[in-house]
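Remarks on the structure that follows.
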Amino acid sequence: MIEVNKLSKSFSELVVLQDIHIQIRSQEIVVLVGPSGSGKSTLLRCLNGLEEPSEGTIRVGNTRWEASMGVQAKKQAFRDIRWLTGMVFQSFNLFPHMNVLENVIMAPMIARKIPKEQAVQLGEDLLSKVGLLEKKIEYPSRLSGGQQQRVAIARSLAMKPQVMLFDEPTSALDPELTGEVLSVMKQLATEGMTMIVVTHEMRFAREVADRVIFMSDGKIQEEGVPDQFFAEPKTERARKFLRQIGE
Ligand SMILES: Nc1ncnc2c1ncn2[C@@H]1O[C@H](COP(=O)(O)OP(=O)(O)O)[C@@H](O)[C@H]1O
Ligand SMILES: [Mg+2]
C-alpha cells in the first residue's frame, strides 16, 4: 500500500530524515516510535506532501511521487496521494464556528461534491461509529478533548481514505481521555484500515501494532513485531529509549 525509498529531508542545512525505506502492506498497523526530534512528524508529513521530501520516492496505492519528477507532476502526485490518506494531529483543529456534524461533512461536500443528504447520512454513520452521534449539533468548544479528537477522526474518515496517519493523537489529552480515542483507533484497525501511528502509548503499540518502527536521529534504527521489539530491542539506542520511557 505504501512504499518509501531512499527518502531524505533537510531544512536548509539541517538533515532531518536520512535514507528512509519503508514498505507497508494493506491493512497493516505500523507504530512509529522514537525520541522527540527524531523526525517522526516530518516523516508522516512527507508521506502526504505537507512537507516536500528532498530526495527519494513515495508510492501510495498506484500513485508515485519522485523527487526527480517535474514540479507540476510532483504537485499532482501529492494531490492524488492526499486523496488516499487521512491525517489526525495532536491538536484537533476542528472548525470552531461549525457544529460537529458540519465539521465532518464539509470536506466531502466541497471536495468530493457529495450531495448534502448523502453527506449527512455518511456523517451520522461516522459519528455513531466514534460514539458521538448525540453530539452532532454541539459546537467543538462544548466537547472534551477526547470527544474533539474522535470528531477529528470521523472528519478524516469522511474523505474515505485508504490509509490513516496519526501523529500523537492522544498527546494533548488528559490521561483519562486517551482511552476513548485509542479504542476508536483499535476499532479502525480491526476493520482493516491501513494505519501509521506515532504514539508514546506503548500499550497500544503492544496490543495493536503489527510492526513497530523505531527512529532516532532521522533514521530508522530498527523494526520488528512488538513482542520482539519490546523484549529484545536490537540496538542500544532502542534499549536506551525504552528504559527512558519506563518500558
Ligand atoms: N519546518 C521546519 N523547519 C526547520 N526544522 C524543522 C521543521 N520541522 C521540523 N524541524 C526539525 O526537524 C527535526 C525533527 O522534528 P520532528 O519531525 O518534529 O520530530 P519528532 O516528531 O520525532 O519529534 C527537529 O530537529 C525539528 O526541530
Ligand atoms: Mg512529532
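The values are calculated or read from the model by the stated rules, or taken from the named source; none is laboratory data. Note that the structure is predicted; figures quoted are calculated from it, not measured. Cβ atoms come from the backbone with ideal geometry, glycine included; neighbour counts cover every protein chain shown. For accessibility, only protein heavy atoms count, side chains too; no ligands or nucleic acids. Shrake-Rupley method; radii C 1.70, N 1.55, O 1.52, S 1.80 Å.
Hey, can you find the accessible area per residue of the chain for me, probe 1.4 Å, expressed in square angstrom?
For the chain, the solvent-accessible area averages 48 Å² per residue.
Filter Lys74/Lys113; Lys6/Lys234; Lys40/Lys129; Lys9/Lys74; Lys75/Lys113; Lys40/Lys240 down to the pairs with a C-alpha to C-alpha distance above 20 Å, please.
Over 20 Å apart, Cα to Cα: Lys74/Lys113; Lys6/Lys234; Lys40/Lys129; Lys75/Lys113.
Compute, for segment 27-90, the length of the dipole vector about the Cα centre, with Cβ point charges of +1 (Lys, Arg) and -1 (Asp, Glu) only. Units Debye, rounded to 20.
That gives a dipole near 140 debye.
Express the relative contact order of the chain as a whole percentage, based on alpha carbon pairs under 8 Å and six or more residues apart in sequence.
Answer for the chain is 26 percent.
Is the chain best put as rounded, prolate or oblate by its Cα gyration tensor, with a ≥ b ≥ c the root eigenvalues, rounded for a/c under 1.5, and otherwise prolate when a/b is larger than b/c, oblate when not?
Because a/c hits 1.5 or more and a/b fails to exceed b/c, the chain counts as oblate.
Which ³J(HN,Hα) values, rounded to whole Hz and listed in residue order, are derived for segment 210-223 from phi using the Karplus coefficients 6.51, -1.76 and 1.60 in 6.51 cos²θ - 1.76 cosθ + 1.60 with θ = phi - 60°, glycine and proline given as x?
Taking θ as phi minus 60°, the curve returns 7, 8, 10, 10, 9, 10, 8, 6, x, 10, 7, 8, 6, 8 Hz for segment 210-223.
Decide, for segment 79-123, between rounded, prolate and oblate: order the square roots of the alpha carbon gyration tensor eigenvalues as a ≥ b ≥ c, take rounded if a/c falls under 1.5, and otherwise choose prolate if a/b is larger than b/c, else oblate.
oblate
First check a/c for segment 139-204, with a ≥ b ≥ c the square roots of the eigenvalues of its C-alpha gyration tensor; if it is under 1.5, answer rounded, and if not, answer prolate when a/b is larger than b/c or oblate otherwise.
oblate
Enumerate the amide H contacts of Val88 below 5 Å, restricted to partners 5 or more residues apart or on another chain; note that Pro and chain-start residues carry no placed amide H.
Leu165, Phe166, Asp167
How far is helix 175-190 tilted, in degrees, relative to the longest principal axis of the Cα atoms in the chain, given as a value from 0 to 90 rounded to the nearest 10?
Taking Cα atoms only, the helix is inclined about 90 degrees.
Quick one: work out the % antiparallel among DSSP beta bridges in the chain, nearest 5.
Among the beta bridges of the chain, antiparallel pairing accounts for roughly 55 percent.
Under 8 Å for C-alpha pairs, at least 6 residues apart: give me the relative contact order for segment 1-79, rounded to a whole percent.
This gives 32 percent for segment 1-79.
Could you work out the relative contact order of segment 1-132, using alpha carbon pairs under 8 angstrom and six or more residues apart, expressed as a whole percent?
This gives 18 percent for segment 1-132.
Return the whole-Å distance between the Cα centroid of segment 40-109 and the Cα centroid of segment 199-234.
24 Å
Taking the square root of 5 times each eigenvalue of the Cα gyration tensor, what semi-axes in Å does the equivalent ellipsoid of segment 153-247 have, largest first?
25, 15, 12
Give me the aspartates and glutamates in straight-line cross-link reach of Lys116: C-alpha distance below 18 Å, same-chain residues under 8 apart excluded.
Glu102, Glu124, Asp125
Running a GNM on the chain with Cα contacts under 10 Å, which residue among Arg211, Arg203, Arg64 ends up with the highest mean-square fluctuation?
Comparing Arg211, Arg203, Arg64 in the GNM, the peak value goes to Arg203.
Explain nothing, just the number: dipole magnitude of segment 31-131 about its Cα centre with +1 on each Lys and Arg Cβ and -1 on each Asp and Glu Cβ, in debye rounded to the nearest 20.
200 debye
How much of Met109 can a 1.4 Å solvent probe reach, expressed as accessible area in Å² and rounded to 10?
60 Å²
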